[in-house]
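Here's the structure we're looking at; comments come further down.
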């Protein structure tokens, strides 16, 4: 690898490492930036066996910066990347879309109806997270009503009732009733 390519690799690695570290609010990882680096710069591929050795010290140096220093350096190297980070931050402000016609009602009432037929898994968190978030956004009301009306199809697990309420609490939500 000649000096010109090495300098380009170092510059692109620094931009990618700064962006990655700021986006995820953590240290950059060589593996996480190698894909974008090689994908955006196909001319680096012929030097693939040497690239990680050039990138690693750059990532180490970037990880030694404070977040303010990382942001300042990225602003110097690639102002558009900083604008992209800022745009991503703005998008995160609106967690869920507004409920249609919510302003027409005195109170937003939400209901979650978990089936107490066994222990919860990660996928079960979506229902109380969405409903609880709407409850909080609209300063509303949330009812937890267990859907245990058909014991022939899905027999209730008596331990699941308390476990589900504990899981909802763990997610940071509390049913009004």
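Nothing in this text is a laboratory measurement; each read-out follows from the coordinates by a stated rule. Quick caveat, the model's predicted, so the values are computed rather than measured. Every residue, glycine among them, receives a Cβ derived from its backbone with ideal geometry; neighbour counts consider all protein chains shown.
Of 66, 26, the sequence from fewest to most neighbouring Cβ atoms within 10 angstrom is 66, 26. From least to most packed, judged by other beta carbons within 10 angstrom and beginning with the fewest, 38, 110 follow the order 38, 110. Taking the empirical scaling 2.2 N^0.38 Å for compact globular proteins as reference, the chain has a Cα radius of gyration ratio of 1.57.
Here the sum of -39500 (n - 2.57) over DSSP H runs of 4 or more residues, divided by the residues of the chain, equals -18000 deg cm²/dmol at 222 nm, to the nearest 500. Residue separation of residue 40 and residue 61 scaled by 0.36 nm, minus their Cα-Cα distance, works out to 5.4 nm of gained length. The range 18-37 and the range 129-164 have Cα centres spaced 39 Å apart. Gain on full extension, evaluated as 0.36 nm per residue between residue 50 and residue 76 minus their Cα-Cα distance, stands at 6.7 nm. Treating r as the C-beta distance of residue 176 and residue 88 and R0 as 22 Å, the FRET efficiency rounds to 0.05. By the count of other C-beta atoms within 10 Å, a proxy for reagent exposure, 157, 25, 169 are ordered fewest to most as 25, 169, 157. Spacing of the modelled spin labels on residue 125 and residue 26, each 7 Å from Cα toward Cβ, amounts to 1.4 nm.
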